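One structure below.
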Amino acid sequence: MSTANKPKETSYIEAISQALWEELERDGNVFMLGEDIGYYGGAFKVTEGFLDKFGPERIIEMPIAEEGFIGMAIGAALMGMRPIVEVQYADFISCGWDQIVNVAAKMHYRTRDAVPVVIRGPSGGGLRAGPFHSQSPEGWFAHVPGLKVIVPGTVHDAKGLLKAAIRDDNPVLYFEHKYLYRRIKEVLPEEEYVCHIGAAKVQREGSDLTIVTYGAMVQTALQAAEKAQAGGVSVEVVDLRTVFPIDKDTVLNSVAKTSKAIMLYEDTRTLGIGAEVAAIIAEEGFEHLDGPIIRVSAPDAPVPFSPPLEDFFIPQVDDVIAAIDRLSAY
Amino acid sequence: MDIKPIEPGAIELLDMYYYMRLGRAIEERLELEYKGGKLPSAIYLGRGQEAIEVGAAYALEQGDVLAPTHRDMISQLPRGLTAKEVFTNHYARANSLTRGKGEANYQGDLKRGLFATVSMLPDFYPVATGAALAFKLRGEKRVAMPLCGEGATSRGDFHESLNIASVLNLPVVFVVINNGFAYSTPPFKEMKLSDVAERAHAYAIPGVVVDGNNIIECYLEVKKAVERARDGGGPTLLEAKTLRMRGHAGHDAAKYVSKELIREWAQKDPIDRFEKHLTNQGLLDEAGIKDMTGRVTQEVAEALKFAEESPYPEGQEAVTDVYRE
């Protein structure tokens, strides 16, 4: 096949841009709020060219006032619009915590009004960006009833889940992993597709052991699985995709098959998403287990800056392999 | 732009009088029930604030939205909130607007342009600003009006809202009910300014101070700001000076407020003043006042009875409606 006919590969960040662009085109109620998203095209260039196409009334540049414009997005959503907030780094979502947790998350419960707002931003480490540009905030919000939390780990899901988030009538937090932005590529379906929020996906089938993971750690898990295969261990990789709601069935079905489970997550260890999934397996899949449920995660520390520190902090393929070896002994 | 709103006519004036009286009657009954240990809810009374509560809300048109706080039940009455809805919500009944999920005055109804408040204030300053953004984006001539107390003006989102509404020229009327105390804290411990309205200058928008116990002044000044916003003139910060005549909540005897101050403001009671005004105008007499007492007393009695006889929600309702399906 000549290069000219080779199907075009899309990067993770391009998939996000495409989802936003297509939803802005599809629905006139969709608009964006965020810092530097207009003329500059966003800190990571997710919205490059958007201002020219959609104009300043739909790509609205905001002053540095995250709590203010997250609250505004909630207000506009309550009036029937479908706003998308870009927080420049997911870390800065903490400035809008009150609005998300107290206003957005509890509104439908009290008044049955839809709050179709999406708050998205680049999360995660690996870019030597230090404690304030590298955090994984999904666990903070997965603990708040009323919110949905998405952390896509593949190019396909980055696009399909963002579209689903924009069409959802609930407040959805969408954390895209900035380490993946330009590092992973995929040939996407030509026809339009939307993923289902709340459905995990088996990204690699295996029979000896299950790794439950999400986000950038999906790639780490797949690499570890490949390495383990060479050593004769068949690893199944379950990608949660949505960290709330958690797709229990897919997790429990996999564990029923393999009898062993590793929780792999980039967030800090204590009370992380993997800790919750471990509890689900312990409670509902106990009879299937042939060994302990092992957590491979970041330690309970802020995300450090210096490369040796950050490499120690973020789970690496070798850390996963060590856990696989440990669990294989059972 | 010099906007001169039309003075309210007799019908409007008597309508406003009714809402003030109804609000006070509801609150007096709530207080009685609370002290008798019959209410499952806390109470947050706006006694003394009736003029700005009713005057501000009355200045809005159908289609506009109001974001009250937990103390602003009375402002919701001109927007159609009924005494029955106030009592069923305080009594945590299944047929209340929040179906037992939100306490006290935390109800709302977007169909009537009423946001359901939260406890963190002024959280609805940004939310109402966002509603105004939606109106502007859709080319609708609608106005958003959030309320808060002087205490909440220390918070960052108050300033973020004023700033963004100014930058985007949004149709918002920010109303601050300066009732003298943020729980127990007086303004001089919270700000160097003597008028909250001065904060408007930092955002290049009009700042207006009104006598919060004079309903006609409240109504006319708010109306001016509402019509300016509707006509594309942008936001206004309006401060109504009044005094909270009860504690922060039902349990609070407010011993930190001097008796002299209460006596001074009791002389300026907004309902007494309005009754005098209406009487001088020949719109009200002793018989009319008595009739109104009878009307609101009966309405409150019926609402209380209705709430007491209404069923509680079933326990398992605790987990419904967390998400929109």
query = Scanning segment A:112-134 for residues that are of a type in the set (A, V, I, L, M, F, W, C) and assigned to a loop (DSSP other than H, G, I, E, B), which turns out farthest from residue B:127 (Cα to Cα)?
reply = A:127
ask   = Does segment A:131-149 contain any residue that is of a type in the set (Val, Ile, Thr) and more than 14 Å from chain B (Cβ to nearest Cβ)?
value = no
message = Just to be sure I understand, how many residues within segment A:26-63 are open to solvent by 60 Å² or more (accessible area, probe 1.4 Å) and within 24 Å of the chain's Cα centre (by Cα)?
response = 4
ask   = Does residue A:17 count as within 22 Å of the chain's Cα centre (by Cα), more than 14 Å from chain B (Cβ to nearest Cβ), within 28 Å of residue A:179 (Cβ to Cβ) and surrounded by fewer than 21 Cβ atoms within 10 Å (Cβ to Cβ)?
value = no
remark   = Restricting attention to segment B:133-159, the residues that are open to solvent by less than 10 Å² (accessible area, probe 1.4 Å), facing another protein chain (nearest Cβ under 8 Å) and part of a helix (DSSP H, G or I) number exactly 4
remark   = When segment B:4-49 is checked residue by residue, the ones that are within 21 Å of residue B:282 (Cβ to Cβ) and without any contact (Cβ under 8 Å) to a residue 40 or more places away in the chain are B:6, B:9, B:11
query = Is segment A:156-168 home to any residue that is open to solvent by 20 Å² or more (accessible area, probe 1.4 Å) and either closer than 16 Å to residue A:17 by Cβ or without any contact (Cβ under 8 Å) to a residue 24 or more places away in the chain (or both)?
reply = yes
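What do you reckon, is residue B:162 open to solvent by 20 Å² or more (accessible area, probe 1.4 Å) and within 12 Å of chain A (Cβ to nearest Cβ)?
No; evaluated as a whole, the condition is false for this residue.
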key: Every residue from segment B:253-273 that is part of a loop (DSSP other than H, G, I, E, B) and either among the small types (Gly, Ala, Ser) or surrounded by 15 or more Cβ atoms within 10 Å (Cβ to Cβ) (or both)   = B:253, B:254, B:257, B:258, B:268, B:269
ask   = Which pairs do you get when a residue that is over 16 Å from residue B:226 (Cβ atoms) and open to solvent by 10 Å² or more (accessible area, probe 1.4 Å), found in segment B:50-73, comes within reach of a residue that is basic (Lys, Arg) and not in a helix (DSSP H, G or I), reach meaning Cβ atoms under 9 angstrom, with the pair 6+ apart or on two chains?
value = B:71/B:244
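Name the residues in segment B:78-117 that are more than 9 Å from chain A (Cβ to nearest Cβ) and within 15 Å of residue B:67 (Cα to Cα), would you?
B:78, B:79, B:80, B:81, B:105, B:111, B:112, B:113, B:114, B:117
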key: Near pairs, Cβ below 7 angstrom, 6+ apart or cross-chain, from segment B:309-322 (under 18 Å from residue B:103 (Cβ atoms) and within 14 Å of another protein chain (Cβ to nearest Cβ)) to any residue that is part of a helix (DSSP H, G or I) and open to solvent by less than 80 Å² (accessible area, probe 1.4 Å)   = B:321/A:108; B:321/A:109; B:322/A:109
ask   = Just checking, how many residues over segment A:246-288 are part of a helix (DSSP H, G or I) and open to solvent by less than 40 Å² (accessible area, probe 1.4 Å)?
value = 13
remark   = Flagged in segment A:82-96 as at the interface with chain B (Cβ under 10 Å from one of its Cβ atoms) and surrounded by fewer than 24 Cβ atoms within 10 Å (Cβ to Cβ), in numbering order, are A:95
task = List every residue pair whose Cβ atoms lie under 7 Å apart, where the two residues are 6 or more positions apart in sequence or sit on different chains, the first residue falls within segment A:46-62 and is over 14 Å from residue A:29 (Cα atoms) and free of Cβ contacts under 8 Å to residues at least 12 places away in the same chain, and the second residue, located anywhere, is open to solvent by less than 20 Å² (accessible area, probe 1.4 Å) and not acidic (Asp, Glu).
result = A:49/A:41
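The values are calculated or read from the model by the stated rules, or taken from the named source; none is laboratory data. Small disclaimer: the values here were computed from a predicted structure and weren't measured. Positions of Cβ are generated from backbone atoms using ideal geometry, with glycine treated the same way; all protein chains shown enter the neighbour counts. These area figures cover heavy atoms from the full protein model, side chains too; ligands, DNA and RNA do not enter into them. Shrake-Rupley method; radii C 1.70, N 1.55, O 1.52, S 1.80 Å.
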